[in-house]
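S.K.: Sharing a structure below in structure tokens format, with a few things to ask.
The values are calculated or read from the model by the stated rules, or taken from the named source; none is laboratory data. In this text the structure is predicted, and so the values were computed from the model without any measurement. When we count neighbours, we look across all protein chains shown, and the Cβ atoms used for this are built from the backbone with ideal geometry, even at glycine. All accessible areas refer to the heavy atoms of the entire protein, side chains included, with ligands and DNA or RNA removed. Shrake-Rupley method; radii C 1.70, N 1.55, O 1.52, S 1.80 Å.
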Amino acid sequence: MVGGIAGFWGALIEGPRLGRFDHNGRPVALRGHSATLVVLGSFMLWFGWYGFNPGSFVSIAKSYGPIGSPDSWAMVRRRPSRRHHYPRRIHGCPHHSVRQAPSNSFFLDVGHWNVVDVCNGLLGGFAAITAGCAVVEPWAAVLCGFVAAWVLIGFNLMAARFRFDDPLEAAQLHGGCGAWGVLFTALFAKDEFVNEAYPGRPGRPHGLLMGGGWRLLAAHVVQILVIAGWVSVTMGPLFYGLHKFGLLRISPEEEMAGLDVTRHGGSAYVYHDEDSPSGDGKKNNVGREMLTIRGTDA
């Protein structure tokens, strides 16, 4: 959530990229760079999360039950690793199958799914299950990922509606799905797993829907508000100050040309005017749209 809320303030203060919205305020799909690299990066994150989440217990080997009993030892952690896997795998399915219909009808227009949205769905699952991977059942983890997909879809629709442009979807994904994960834990944390993960203090509160009452949910709501408030107070002024000193964003000329050209001595991608993802160069030529908007601003 910290990164998501910080990203929200950074994107809000700087405003949308040139050409992200047309003259009527409708979102324009900017061309991506490399879907192959997006997928590769997603798999690297997927693999790394197995160390990130179970490794949060600061323990490589963990004992369960009497020494010598079946399954009495597990490397890193037995249950969190298994439960942690489900929501990410399931999350990508509803996200890529339903997100495009309400937003831009990509599937209906083109006839195939968007692999980048599938990867964003997986990342949303990472964020959502992080809070509760050690204390929920596998079936609950599946539910966590499914709901997180709709949370991400909803926040992305809201972002487009209010002309909010976060190129990485950090606010929607890490902030929105992360907050859902905190609430989800307060609803589905199982008493047995809570005591197993945090031994020594029996009677800890657990999930509301698992018979644990309202204490954990109330605490997690407060936690969300505190995180949002603390990050807003610290990062909001920082981004605003960088914005005022002109240190947060490159010049419009550099943004139009691209940093590959202005900072790295060459163009990494070659686009032609006739190129178009849907075959309609006039409708989808982002470069022409950006030049038009830039000329109007001038």
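S.K.: Of the heavy-atom accessible surface of the range 129-205 (probe 1.4 angstrom), what whole percent is carbon and sulfur?
M.R.: C and S atoms contribute 67 percent here.
S.K.: Additional query: Using the heavy atoms of the protein chains and a 1.4 angstrom probe, tell me the accessible area per residue for the range 135-233 in square angstrom.
M.R.: I get 49 Å² per residue for the range 135-233.
S.K.: Amide H to amide H under 5 Å from Phe21: which residues, 5+ apart in sequence or cross-chain, H placed 1.01 Å off N in plane?
M.R.: When sequence neighbours closer than 5 places are left aside, the close amide H contacts are Val28.
S.K.: On to the next question. In nm, give the distance between the simple-model label positions of Lys244 and Ser267, each being 7 Å from the Cα along the Cα-to-Cβ direction.
M.R.: The two pseudo-label positions are separated by 3.9 nm.
S.K.: Counting only protein chains, not ligands or nucleic acids, how are Trp49, Trp214, Trp139 ordered by accessible area (probe 1.4 Å), most first?
M.R.: Trp214, Trp139, Trp49
S.K.: For a test of the definition: using alpha carbon positions, the gyration tensor, and the 1.5 limit on a/c, classify the range 190-274 as rounded, prolate or oblate.
M.R.: Prolate.
S.K.: Please list 3-16, 34-47, 124-137 highest first by mean number of surrounding beta-carbon atoms within 10 Å per residue.
M.R.: Result, highest mean Cβ count within 10 Å first: 124-137, 3-16, 34-47.
S.K.: Once you have the Cα-Cα distance between Met256 and Ala35, take 0.36 nm times their residue separation minus that, and quote the gain in nm to one decimal.
M.R.: Result for the pair: 77.4 nm of gain on full extension.
S.K.: OK, next. For a test of the definition: using alpha carbon positions, the gyration tensor, and the 1.5 limit on a/c, classify the range 171-233 as rounded, prolate or oblate.
M.R.: Cα axes put the range 171-233 in the prolate bin.
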